[in-house]
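Below is one structure; the comments refer to it alone.
The values are calculated or read from the model by the stated rules, or taken from the named source; none is laboratory data. All of these numbers come straight from a predicted model, not from anything done at the bench. All Cβ positions, glycine included, derive from the backbone under ideal geometry; neighbour counts span all protein chains shown. SASA here: full protein model, heavy atoms, side chains in, ligands and nucleic acids out. Shrake-Rupley method; radii C 1.70, N 1.55, O 1.52, S 1.80 Å.
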Amino acid sequence: MTSSPAPTTEPSHKPKILCLHGFGESAEILKVRSRKIRALLEDRAEMVYLDGPLDVGNLRFTAEDFVKPPENPFTNLAWWWWKTTGKR
C-alpha cells in the first residue's frame, strides 16, 4: 500500500494579477509606475504585464521632432484605436 502526500493548507501557486497599461504606454512603463504595489504584493501575488498589440508611435510631436525625431526608449502602445471620419 502506498501512502499519499499529506494535504497542504497553502496554495501551490500565487494568484496572478493581470496589469494592462493605458493608451500610449507599455508594459515596461506600467511596471515602473506600479513598483510600490508590486513590492507590497510580491509575496502574495504574481503581477503579469502585457503589451498592447498596436504601436501608436510618438504621441507628443513638436516642430523640432519633424526635423530630428526624438529617441524614445519606450514603445507607445495601445489596445485599440478609434479613428473618426468626421461624418455623423
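Quick notes on this structure:
- When the test is whether a residue is at pLDDT below 65, open to solvent by 100 Å² or more (accessible area, probe 1.4 Å) and among the basic types (Lys, Arg), residue 88 passes it.
- The residues of segment 1-29 that are at pLDDT 95 or above and in contact with a strand residue (DSSP E or B) (Cβ under 7 Å, 6 or more places away or on another chain), listed by number, are 16, 17, 18, 19, 20.
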